[in-house]
Amino acid sequence: MPKLKSLEELQKLRQQLQGDIKARTETSTTITVGMGTCGIAAGAREVMHAILAELEARNIDAHVTTVGCIGMCSREPLVDIQQGGEPRVTYGDVTPAMVPRLIEEHLIQGNVVEEWVVGRVAG
Amino acid sequence: MAERYRADVLVSCLHDRTPDLIPALEAEVKRRGLEEEVRVVEAGCRGFCSMGPVLLIQPDGIFYIRVQPADVPELVEETLVKGRIVERLTYKEPTTHACIPHYGDIPFHAKQVRIVLRHCGLINPESVEEYIAVGGYQALGKVLGSMTPEEIIEEVKESGLRGRGGAGFSTGRKWEAGRKAEGEIKYMLVNGDEGDPNCFMDRALMEADPHSILEGLVIGAYAVGAHQGFIYIPYEHTRAVRSMRNAVEQAREYGLLGEDILGSGFDFDVELRLGAHSFVGGESTALMHAIEGKVSEPRPKHIHTTEKGLWGRPSCLNNVKTLNIVPEIINRGAEWFASIGTETSKGTQVFSLAGKVNNVGLAEVPMGITVRELVFDVGGGVPKGREFKAVQIGGPSGGCLPASLLDMPMDYETLAEAGSMMGTGGVIVWDDRTCVVDVARYFLDFLRDESCGKCTSCREGIRRMLEILTRITEGQGEMADLETLETLGRVVKSVSLCGLGKTAPNPVLSGLRYFRDEYVAHIVDHKCPAGVCKALIEYYVIEDLCIGCGLCRRKCPQEAISGEKKEPHVIDPALCIKCGVCFDVCKFDAVGVR
């Protein structure tokens, strides 16, 4: 373990370590993955792993949670993104390959990827 | 590089009772293929002791109580795989039995303001990395990089922080005295010797968040100008010892202890000192004697320990909670801290709730909260619908407060005026089945054993008071005893050297002040109104209420109860040992005490 030589080094280390406890810190962004039997069968778990990897790689502040089936089984895997007081946006038929664009456009640029949206629920 | 998990399962209050829970959770998470997305973390005490072992699933805030290894497969399947709540494991509101699945909604938690316990149950105490991730050691970096020792002392003084060990002396002024004391070698000491029965906040803090104490310690050492520290912990607190020792080693590895801390040129290191656990051992001079390897007895303090303490050198002793608060004051400012609490008592106090209260555990609330809010809102009230009688605050040497003072704000001065004290924050709730004489006798029995015996007043005075109290509980008391108790109490308080003797008579004196009638009932009527003192009570069956179920007959260890099925039973006073089992088990309130 190299010794810390300054406050700057400590702060840098803190930033590196923060992702590790992300699930325990407050955030305004929640990504919800439908994890009913239908979701799992359609590949929701793989989608969620892709989301977790993308968030970590880009050091994005967001929680990822799972819910049971919400009824629209034909469009699973379903992924909801909710930010602050914005309406909850639901994307359908999500695949791991779609995840980078979803994160880039929705979370970073703030533009909803309309072509993949299947519904919205008021925040 | 850090890894990203979607959920952390924070497991608290395992100690050594449920060693299988974490392995069971880890195995099940792995079996379900969740090990890359869900992590099981052993976190420290969350303070909700009556509900343990407890489990908090973040980020959703789902809270499960009394979790056993057998619950694990269902819990993982439902909550972690499918995102559903397992109702049977959630906290139930004591009166309505409504499920409260989220931690933040539980009244015990919602009423608290957590400063001291800010990380307890939220981080893994064995990981310095997690402490750094939540902002740990930033305050240390700040003071070493940009503050002079005088500025730190000024900040701590302005915050109004008072030592959390019991006496409540201004921390800033203590540090100032330490700074000004002459001597090349100074010591910074940590008091982890918590002695009150029913109190466990210091131990819980050392176990759950050791680095916060170390951070405050190094800041204090820099302010005072000390380069060597000692942490005194009773060796019986094995988990606290392990936790602090591990934290010291980790801090050294990262250069947060030792030479040239964070490249500032400031050197400070610390050693653990383990000793036998005792009540008087927490007294400052007794503790310093113990660190020196001598008998743990107090000495007169004509010269303050900040000038001549450990090995005759300037020494600054602080309670673990005091040190743990300091980094927060540095990070958030003196003004923020001073805005919480009352005029004279700033910040929060950690209370250890025990006795006849639903939510036994640790609760941190702002200073100045009323007794009612603490006992009924945070504590959840008195179990089994019994009546609240009084509350004993400040441990065995504190005093009781009756129901008429329920709306009294709790701060250092108000409590002292009412004949009680803040002490370390021990709170024992009494219901109508608690006898004031019996409790005073119990505490004096404890204090007689714990008195070091150096001062005659304390050694002999407590013993004589205990003899009188025992006599009263046996129905042999006289009215003149009450005056003798009061006189003895005053003498012990005024003549004894240290805090033990100075406060030991409090349970008796406050009892006489608020519940004199009950003492008189014992002496004159030979009755114990609470039905506790065995020599003065008799259990009997109330014929009208007894349906003859036979439960008391089967439970009686003395076979003192007889009766036919569906006919009222009878207790034979000659055989009865007054254990009270019949009273406790009867579902029809058909057993009376007289």
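Within the group B:511, B:501, which residue is part of a helix (DSSP H, G or I), in contact (Cβ under 8 Å) with a residue 60 or more places away in the chain and within 30 Å of residue B:452 (Cβ to Cβ)?
Working: B:501 fails: in contact (Cβ under 8 Å) with a residue 60 or more places away in the chain.
The conditions single out B:511.
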For residue A:89, all conditions in the list (1) touching a helix residue (DSSP H, G or I) at 6+ places or on another chain (Cβ under 6 Å); (2) β-branched (Val, Ile, Thr); (3) more than 9 Å from chain B (Cβ to nearest Cβ); (4) crowded, with 17+ Cβ neighbours inside 10 Å hold save one; what is the number of the exception?
-> (1)
Exception for residue B:108 within (1) more than 14 Å from chain A (Cβ to nearest Cβ); (2) over 20 Å from the mean Cα position of the chain (by Cα); (3) farther than 13 Å from residue B:11 by Cβ falls at (2)
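Residues checked against (1) part of a helix (DSSP H, G or I); (2) modelled with pLDDT under 90; (3) closer than 28 Å to residue B:34 by Cβ:
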site	(1), (2), (3)
A:61	no, yes, yes
A:69	no, yes, yes
A:86	no, yes, no
A:98	yes, no, yes
A:105	yes, no, no
A:112	no, no, no
A:115	yes, no, no
A:120	no, yes, no
A:123	no, yes, no
Matching residues in segment B:43-65 (within 17 Å of residue B:21 (Cα to Cα) and either within 14 Å of another protein chain (Cβ to nearest Cβ) or part of a helix (DSSP H, G or I) (or both)) number 9
Lone unmet requirement of (1) exposed (fewer than 15 other Cβ atoms within 10 Å of the Cβ); (2) touching a His at 6+ places or on another chain (Cβ under 6 Å) for residue B:557 = (2)
Within segment B:111-125, the residues that are touching a helix residue (DSSP H, G or I) at 6+ places or on another chain (Cβ under 8 Å) and away from chain A (no Cβ under 14 Å) are B:111, B:112, B:115, B:116, B:117
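Counting just the residues of segment A:32-50 that are β-branched (Val, Ile, Thr) and surrounded by fewer than 22 Cβ atoms within 10 Å (Cβ to Cβ), which one comes out farthest from residue B:4 (Cα to Cα)?
Going through segment A:32-50, the residues β-branched (Val, Ile, Thr) turn out to be A:32-33, A:37, A:40, A:47.
Narrowing further to those that are surrounded by fewer than 22 Cβ atoms within 10 Å (Cβ to Cβ): A:32, A:37, A:40.
On the way: A:32: 15, A:37: 24, A:40: 20 Å.
So the residue we want is A:37.
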Helices (runs of 4 or more DSSP H) lying entirely in segment B:148-252 (those with 1 or more residues that are among the acidic types (Asp, Glu) and either under 22 Å from residue B:311 (Cβ atoms) or modelled with pLDDT of 95 or more (or both)) | B:149-159, B:171-180, B:210-224
Of the residues in segment A:32-59 that are in a helix (DSSP H, G or I) and facing another protein chain (nearest Cβ under 7 Å), the one that is modelled with the lowest pLDDT is A:56
Output for Cβ contacts, cut-off 7 Å, separation at least six or different chains, first residue over 19 Å from residue A:50 (Cα atoms) in segment A:101-118, second among the charged types (D, E, K, R) and in a helix (DSSP H, G or I), reads A:111/A:105; A:118/A:75
Say we look at segment B:70-82 and pick out the residues that are surrounded by 17 or more Cβ atoms within 10 Å (Cβ to Cβ) and touching a residue at least 12 places away in the same chain (Cβ under 8 Å); which of these is farthest from the other protein chains (Cβ to nearest Cβ)?
-> B:71
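Return the residues of segment B:404-418 that are in a loop (DSSP other than H, G, I, E, B) and surrounded by fewer than 19 Cβ atoms within 10 Å (Cβ to Cβ); say none if nothing qualifies.
Step one: of segment B:404-418, the residues in a loop (DSSP other than H, G, I, E, B) are B:406-408, B:410-411, B:418.
Answer for segment B:404-418, where residues must be in a loop (DSSP other than H, G, I, E, B) and surrounded by fewer than 19 Cβ atoms within 10 Å (Cβ to Cβ): B:406, B:407, B:408.
Here is a list: B:500, B:469. Which entry is of a type outside the set (D, E, K, R), modelled with pLDDT of 95 or more and either buried (at least 23 other Cβ atoms within 10 Å of the Cβ) or closer than 24 Å to residue B:169 by Cα (or both)? Full working, then the answer.
Numbers: B:500 fails: modelled with pLDDT of 95 or more.
That would be B:469, the only listed residue that is of a type outside the set (D, E, K, R), modelled with pLDDT of 95 or more and either buried (at least 23 other Cβ atoms within 10 Å of the Cβ) or closer than 24 Å to residue B:169 by Cα (or both).
So which residues in segment B:330-356 are charged (D, E, K, R) and either in a helix (DSSP H, G or I) or touching a Leu at 6+ places or on another chain (Cβ under 9 Å) (or both), if there are any at all? Show your work before the answer.
If we filter segment B:330-356 for residues that are charged (D, E, K, R), which is where we start, we get B:332, B:335, B:343, B:346, B:356.
Result: B:332, B:335, B:346.
Could you say which residue among B:263, B:229, B:258 is within 17 Å of residue B:137 (Cβ to Cβ), small (Gly, Ala, Ser), in contact with a strand residue (DSSP E or B) (Cβ under 9 Å, 6 or more places away or on another chain) and within 14 Å of chain A (Cβ to nearest Cβ)?
On the way: B:263 fails: in contact with a strand residue (DSSP E or B) (Cβ under 9 Å, 6 or more places away or on another chain); B:229 fails: within 14 Å of chain A (Cβ to nearest Cβ).
Among B:263, B:229, B:258, only B:258 is within 17 Å of residue B:137 (Cβ to Cβ), small (Gly, Ala, Ser), in contact with a strand residue (DSSP E or B) (Cβ under 9 Å, 6 or more places away or on another chain) and within 14 Å of chain A (Cβ to nearest Cβ).
Could you check segment A:1-33 and list, in sequence order, the residues that are among the β-branched types (Val, Ile, Thr) and more than 20 Å from residue A:53 (Cα to Cα)? Steps first, please.
Restricting attention to segment A:1-33, the residues satisfying the condition of being among the β-branched types (Val, Ile, Thr) are A:21, A:25, A:27, A:29-33.
Listed by number, the list is empty, since nothing qualifies.
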If you take the residues of segment A:1-31 that are more than 7 Å from chain B (Cβ to nearest Cβ) and not in a helix (DSSP H, G or I), which of them is surrounded by the fewest Cβ atoms within 10 Å (Cβ to Cβ)?
-> A:26
Tell me which of these residue B:162 doesn't satisfy, since it passes every other one: (1) within 24 Å of residue B:71 (Cβ to Cβ); (2) buried (at least 21 other Cβ atoms within 10 Å of the Cβ).
-> (1)
All conditions in (1) surrounded by 14 or more Cβ atoms within 10 Å (Cβ to Cβ); (2) closer than 30 Å to residue A:58 by Cα are true of residue B:91 except (2)
Selected residue (criterion: modelled with the highest pLDDT) from residues of segment B:66-106 that are of a type in the set (Gly, Ala, Ser) and in a helix (DSSP H, G or I) = B:70
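The values are calculated or read from the model by the stated rules, or taken from the named source; none is laboratory data. In this text the structure is predicted, and so the values were computed from the model without any measurement. Glycine also receives a Cβ, built like all others from the backbone with ideal geometry; neighbour counts cover every protein chain displayed.
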